[in-house]
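The values are calculated or read from the model by the stated rules, or taken from the named source; none is laboratory data. Everything numeric here is computed off the predicted structure, so don't read it as measured data. Cβ placement follows ideal geometry from the backbone for every residue including glycine, while neighbour counts extend to all protein chains displayed. Heavy atoms of the whole protein, side chains included, go into the accessibility calculation; ligands, DNA and RNA do not. Shrake-Rupley method; radii C 1.70, N 1.55, O 1.52, S 1.80 Å.
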Amino acid sequence: DMNIYRSLIGALWLVLGAYWAVAAIGVKRSVGGRQRTKAIALRLSVIVLILLAVRLSPLRHVLQSVQARIPNGGVTGVVGVVLCALGVGLAIWARAHIDRNWGMPMSQKENPELVMTGPYAFVRHPIYSGILLAMLGSALAATVFWVIPFVLFGSFFV
């Protein structure tokens, strides 16, 4: 049943969001208010693009037809949930290792330190990689509409 996979995907994203909110307490201050305004504007633009893409009838029609071809549940659902869980786990592991040096993309921190432990010893951008992996898993297990944020955030991360 697809509902169990969608529920698991939703729970994984809630765990990530809750961890992110708690872990953001006590991070180092960012420098450069002007850059912060640009970064916020860029993030809002990505969100608006996602919402517009979902609302566009031709794209919605294409994604619905792709969704109809993906087998419901079974192996696809399990693989999707596992990929999402691995992605969320990687993002949380990376966030724990970057600790107080964490900041939103394109932000600069006071007294930054280069983190080379945990997943940073193996992956250049493990938070981005984890989030993209979780989105890919969500597309397989919950709905193919996750492809839209996957593509837009992927280009944003690049």
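See the values below:
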item	result
All positions within segment 110-148 that are among the polar types (S, T, N, Q) and either open to solvent by less than 10 Å² (accessible area, probe 1.4 Å) or in contact (Cβ under 8 Å) with a residue 60 or more places away in the chain (or both)	Asn111, Ser138, Thr143
Looking only at segment 149-158, and only at residues there that are touching a helix residue (DSSP H, G or I) at 6+ places or on another chain (Cβ under 7 Å) and open to solvent by 20 Å² or more (accessible area, probe 1.4 Å), the one that is modelled with the highest pLDDT	Phe150
Tally, over segment 63-76, of residues that are open to solvent by less than 90 Å² (accessible area, probe 1.4 Å) and either in contact (Cβ under 8 Å) with a residue 40 or more places away in the chain or under 19 Å from Ser155 (Cβ atoms) (or both)	6
Pair list, Cβ under 6 Å, 6 or more apart: segment 78-98 residue without any contact (Cβ under 8 Å) to a residue 60 or more places away in the chain, other residue of a type in the set (S, T, N, Q) and open to solvent by 40 Å² or more (accessible area, probe 1.4 Å)	His97/Thr117
Test result for Arg95, of a type outside the set (Phe, Trp, Tyr), modelled with pLDDT under 75 and under 21 Å from Ala18 (Cα atoms)	no
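A quick yes/no check of all residues on (1) modelled with pLDDT of 70 or more; (2) in a helix (DSSP H, G or I); (3) among the charged types (D, E, K, R); (4) loosely packed, with under 12 Cβ neighbours inside 10 Å:
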site	(1), (2), (3), (4)
Ile4	yes, yes, no, no
Ile9	yes, yes, no, no
Val15	yes, yes, no, no
Ala18	yes, yes, no, yes
Val22	yes, yes, no, yes
Val27	no, no, no, no
Gln35	no, yes, no, no
Ala41	yes, yes, no, yes
Ile47	yes, yes, no, no
